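**Student:** To start, I am sharing the structure in question, which I have written as structure tokens.
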Amino acid sequence: MKKFSSLTVLVFTMLLLVVPAVVSAAEYGGVGGRPAYPRADNSRTKSIFIFQLKDGQTATDGVRIYNNTAKQQTISVYAVDSALSSGGGFACRQAADPREDVGSWLKLQANTVTLPANGSKVVPFTITAPARADAGEHDGCIALQARSASNTPSDRSGVVLSFRSAIRVVVTVPGKIVKKLTLATVAVSKLKDGSYTIAPTVRNDGNVSLDTDVRVELVSFTGLHAGKRSGGTYPVLSRSQATWNFEAKSPFWGGWYRAQVRATYNSNPTTTLGMDKGSSQSVRLASAVFFVPPSSTASFIYVAILLVLLAAAILIVKKQRDIRHIRKHWEVFEVENGVTVTSLAKQHHTSWRKIVRVNKLKPPYNLKAGQKLSLPPNKAFVPAPVPKSARNTRK
Amino acid sequence: MGKHFRKGMVVLSGLFVLLVPAVASASSQPTLNQTVNAGTLSTNILQSDDVTPVASPSVAFPAKNVGFSCQTSAATLGDTNNKLNVTNLASNNGWTLTMAATGGFTANWDDGASNTYKFNDATASGCTNGQMSVDPSVSTLTADCSSACTNTNITKGSATSFNHALSADNVTLMTSSSGTPWAGYLTGVGLSQKIPASQHAGNYSLGMTITITAN
């Protein structure tokens, strides 16, 4: 037993020593990279490469490759041209595709890197703009692919998946720079879960990409804001259209709405990507007005309110009709000795409350002989109503 | 006496291990070191534990019989045991997750016996040579990080058919406008492939690469 307790203390001691090492070896993320030498004056260069190169000019830089997995990885590094993905998204061509633009301008010093677990390494490269390159922006990618993430469809059927990460490379060739963005359409569609997709489409007719701040909101027809704004800043590539599918929850109360979109971009042609200081320009567009059905709870509340209103209306109409009926048909009678409100009610086939209300009697509703009261005509009893000339005017 | 001494020594060594870090942190020359590696932007297919990558991931389409007319076979990319994961621990201004044929726009479905059909038919119907469609809009996006991590800045792509004539060689699965650290996954991305009439029987495969790009 004593041995056991001593052993427990020792194991506990060993655990204290070993656990930090285990924690530091935990796997977060995978294989990726980033610019090795970001510029202090452009925060965008922390995540993508941005160059401004004249015809024939060469720049040098490097990509730092990380292996944040728990295993040693052999990683392929290669440059490819960019491609436009569906919805105007930025994509990179495949290693098998021909290189005609930035993918062919960029020369990496190594195409394969082997990194230990949690290791990193810089692979230097040069990039040269060819002579007579078109003015404006040219895009490409540096792609990184762990060999273990490369999958060949040799002996399996179906779609065989491989994975890679890539870093955008932007080269701007000086010349006539055009920045022009227009909002083309705003499409609204309803999803199966009842929420809505607001899909603005913007068009960049310029020759450089534009970091565009897109903001979307559902606005009620009355002008009251319905929901939280959504959106963000997205690159819109040159000479292309871009569409985003923003999801918006269905407004609780329903009603008539329109989707309002505002896109803001830096329209100053002298500023480069990531240096967006100075003039900005906004374009706005709204969708057609559309009807949003209320939520089930809101529908219940609407129905309840309607029922209450309907009941109130019925009561008012009934009361008005009653008053009209009283004014038209009730006659003034003179109270005889010993008659009470309840006995009158019985005789005239009506309620004592009604007699009290119409004649504005006060509790305890004692009647005096000779007192005049409006009462329904009673064919079977008290045949002699007060003559018209002797009646009090009833309100 | 000896046993008590040994036990006392073991306890003392345990206390020493516990106390040393406290003493060290109070020292004028700290000896505690902690390295935080730069994060990466990466994508993979993970198993249901959200950690273990799926070995040789693939998407199987249901078998079809040889037919005289064009047929459509549908499948799903991403399920509870094959989560299309994105982890963004890098400092960036946003990213795009796209899907394209590994062999480029000239790639084909291939049975290894010289029989092929295409995934990016240029015709509208897609039935002449074969065409694949991808619909991320029907998928489910799940954030898988801290409670502060939301899908606010992430949008899913629209349904798209590969069509080289329209330069539709890449399909956007997701886009993020923010470089905020985020991890999550997509499940239920709709895939469908039109198989041309009278296609030879065989086990066909097509390599596709999913790329995450910092942009």
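The values are calculated or read from the model by the stated rules, or taken from the named source; none is laboratory data. Because the structure is predicted, anything quoted here is derived from the model rather than measured. Don't worry about glycine lacking a Cβ; one is built from the backbone with ideal geometry, like all the others, and counts go over all protein chains shown.
**Student:** Looking at A:304, A:286, A:312, A:259, can you tell me which residue is closer than 25 Å to residue A:214 by Cα and modelled with pLDDT of 85 or more? Let's see the steps before the verdict.
**Tutor:** Numbers: A:304 fails: closer than 25 Å to residue A:214 by Cα; A:286 fails: modelled with pLDDT of 85 or more; A:312 fails: closer than 25 Å to residue A:214 by Cα.
Every option except A:259 fails the conditions.
**Student:** Further, regarding this structure: Pick out the one residue from B:155, B:123 that is of a type outside the set (D, E, K, R) and buried (at least 23 other Cβ atoms within 10 Å of the Cβ).
**Tutor:** Details: B:123 fails: buried (at least 23 other Cβ atoms within 10 Å of the Cβ).
It is B:155.
**Student:** Residue under question is residue A:60, and the condition is that it be more than 9 Å from chain B (Cβ to nearest Cβ), over 20 Å from residue A:173 (Cβ atoms) and surrounded by fewer than 21 Cβ atoms within 10 Å (Cβ to Cβ); does it hold? Quick ask: steps written out before the conclusion?
**Tutor:** Details: more than 9 Å from chain B (Cβ to nearest Cβ): yes; over 20 Å from residue A:173 (Cβ atoms): no; surrounded by fewer than 21 Cβ atoms within 10 Å (Cβ to Cβ): yes.
So residue A:60 fails the test.
**Student:** Here are some residues: A:85, A:104, A:76. Which one is within 10 Å of chain B (Cβ to nearest Cβ) and either in contact (Cβ under 8 Å) with a residue 24 or more places away in the chain or out of contact with any helix residue (DSSP H, G or I) (no Cβ under 9 Å at 6 or more places or on another chain) (or both)? Outline the logic, then answer.
**Tutor:** Details: A:104 fails: within 10 Å of chain B (Cβ to nearest Cβ); A:76 fails: within 10 Å of chain B (Cβ to nearest Cβ).
Checking each option against the conditions leaves just A:85.
**Student:** Kindly check whether there is at least one residue in the range A:85-99 that is assigned to a strand (DSSP E or B), under 24 Å from residue A:37 (Cβ atoms), under 37 Å from the mean Cα position of the chain (by Cα) and not basic (Lys, Arg). Working first, answer last.
**Tutor:** Here is the first cut: in the range A:85-99, the residues assigned to a strand (DSSP E or B) are A:90-92.
When the remaining residues are screened for being under 24 Å from residue A:37 (Cβ atoms), the result is A:90, A:92.
From what is left, the residues that are under 37 Å from the mean Cα position of the chain (by Cα) are A:90, A:92.
From what's left, not basic (Lys, Arg): A:90, A:92.
Yes.
**Student:** Continuing with the same structure: Using the structure shown, decide if residue B:153 is within 16 Å of residue A:91 (Cβ to Cβ), within 19 Å of the chain's Cα centre (by Cα) and of a type outside the set (Gly, Ala, Ser). Spell out the reasoning first.
**Tutor:** Values: within 16 Å of residue A:91 (Cβ to Cβ): no; within 19 Å of the chain's Cα centre (by Cα): yes; of a type outside the set (Gly, Ala, Ser): yes.
For residue B:153, the condition - within 16 Å of residue A:91 (Cβ to Cβ), within 19 Å of the chain's Cα centre (by Cα) and of a type outside the set (Gly, Ala, Ser) - is not met.
**Student:** Taking into account only those residues within the range B:138-151 that are in contact (Cβ under 8 Å) with a residue 24 or more places away in the chain and of a type outside the set (A, V, I, L, M, F, W, C), which is farthest from residue A:200 (Cα to Cα)? If you could, list the steps in order and put the result at the bottom.
**Tutor:** So in the range B:138-151, the residues in contact (Cβ under 8 Å) with a residue 24 or more places away in the chain come out as B:138-145, B:149, B:151.
After this cut, where a residue has to be of a type outside the set (A, V, I, L, M, F, W, C) as well, the list is B:139-140, B:142, B:144, B:151.
On the way: B:139: 20, B:140: 21, B:142: 24, B:144: 28, B:151: 19 Å.
If we take residues in the range B:138-151 being in contact (Cβ under 8 Å) with a residue 24 or more places away in the chain and of a type outside the set (A, V, I, L, M, F, W, C), then B:144 is farthest from residue A:200 (Cα to Cα).
**Student:** Let me ask another. Can you spot a residue in the range B:77-96 that is among the hydrophobic types (A, V, I, L, M, F, W, C) and surrounded by fewer than 18 Cβ atoms within 10 Å (Cβ to Cβ)? Spell out how you get there, then give the answer.
**Tutor:** Within the range B:77-96, the first condition is being among the hydrophobic types (A, V, I, L, M, F, W, C), and the residues that meet it are B:77, B:84, B:86, B:89-90, B:95.
Retained after the next criterion (residues that are surrounded by fewer than 18 Cβ atoms within 10 Å (Cβ to Cβ)): none.
Looking through the range B:77-96, none of the residues is among the hydrophobic types (A, V, I, L, M, F, W, C) and surrounded by fewer than 18 Cβ atoms within 10 Å (Cβ to Cβ).
**Student:** How about the range A:264-378: which strands (runs of 3 or more DSSP E) wholly inside it have at least 2 residues that are under 35 Å from the mean Cα position of the chain (by Cα)?
**Tutor:** Numbers: elements: A:280-286, A:290-292, A:331-334, A:372-375.
Output list reads A:280-286, A:290-292.
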